[in-house]
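In what follows, a single structure is set out as structure tokens and then discussed.
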């Protein structure tokens, strides 16, 4: 794999106790590309994302982000030094801060004027500028997700992590927010690693889909090839039926 790409994970293995939850996983994400890890609960996709983000240190293997080794060979940079953004299903907005304050929170290194200008710019891009003085509890789920996206992207991260971020939204709202998020990420050419158990989501958003079995990537293809071909293990069918709650 080419180390000049946005993210490179090489031969990643990880254990929880005696259980191997990630088994020799390798992947790369080019600048501006969105790669989706698709699979049922317990297949290791969330742990893989957490390792890429620096929330877990792998048992073996290496992670390179923007040509810098961030995990492996005795190195482990924490998330705050990896310059990554996060978008989770629970939005994680601060209830004691208004919308503008939430977006400003991640860009404290800027001056007050610069923070406000940048935050309003990001809110404008996600269609939430008119809600800058609103409080999180006054917003709908879709509006909260847009604010969370603006906050995640305000520091201009080198890599975005999407951990099943649309699963709490109803279908009509989910489709709209998902499309808006994809448009925003592509417009800003942000490299993105996304985790989902939803095949429709993976197919509609991704440049490539990594179909995961227990701890391993079984197949990695462009969505069209994965849909029209014969996957080794069809997450396009089986993952949608999974009801397991194992958080791996």
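Placing a label point 7 Å from the Cα of residue 59 along the Cα-to-Cβ direction, the residues of the range 178-220 whose backbone N falls under 15 Å of that point are 214-216. By definition, a body whose alpha carbon gyration tensor gives a ≥ b ≥ c is oblate when a/c is 1.5 or more and a/b is not larger than b/c, and the range 83-172 fits this oblate description.
Once the Cβ-Cβ distance between residue 13 and residue 189 is put in as r, and R0 is 41 Å, what FRET efficiency do you end up with, to the nearest 0.05? Please report the intermediate quantities before stating the final value.
Numbers: r = 31 Å, r/R0 = 0.76.
In this case the efficiency is close to 0.85.
What percent do you get for the relative contact order of the range 89-190 when only Cα pairs under 8 Å and 6+ apart count? Walk me through the intermediate numbers first.
On the way: 113 pairs, mean separation 35.1, N = 102.
Averaging sequence separation for qualifying contacts and normalising by length gives 34 percent for the range 89-190.
What percent antiparallel are the DSSP beta bridges of the chain, to the nearest 5? Antiparallel bridges make up about 55 percent of those DSSP assigns within the chain. Measuring how big the range 170-221 is from its alpha-carbon positions, Rg and Dmax come out at 12.3, 34 Å.
How would you rank 160, 9, going from fewest to most other Cβ atoms within 10 Å of each one's own Cβ? All intermediate terms of the calculation are to be shown ahead of the outcome.
Values: 160 21, 9 24.
Going from least to most buried by this count: 160, 9.
Entry note, the chain: relative contact order of 28 percent, from Cα contacts under 8 Å with a spacing of 6+ residues. Shape analysis of the range 137-191 places it in the prolate category; the axes a ≥ b ≥ c from the Cα gyration tensor give an a/c of at least 1.5, with a/b above b/c.
Is the shape of the range 42-110 best called rounded, prolate or oblate, per the rule: a/c under 1.5 gives rounded, else a/b larger than b/c gives prolate, else oblate, with a ≥ b ≥ c the square roots of the Cα gyration tensor eigenvalues?
On the way: a/c = 3.42, a/b = 1.68, b/c = 2.03.
Oblate is the answer for the range 42-110, as a/c is 1.5 or above yet b/c matches or exceeds a/b.
Net length available on complete extension from residue 203 to residue 222 is 6.0 nm, with 0.36 nm assigned per residue and the Cα-Cα distance removed.
Just so you know, all these numbers are worked out from the coordinates, no wet-lab data involved. What you see is a predicted model; the values in this text were computed from it and never measured. Because the Cβ atoms are built from the backbone with ideal geometry, glycine has one as well, and the counts that use them run over all protein chains shown.
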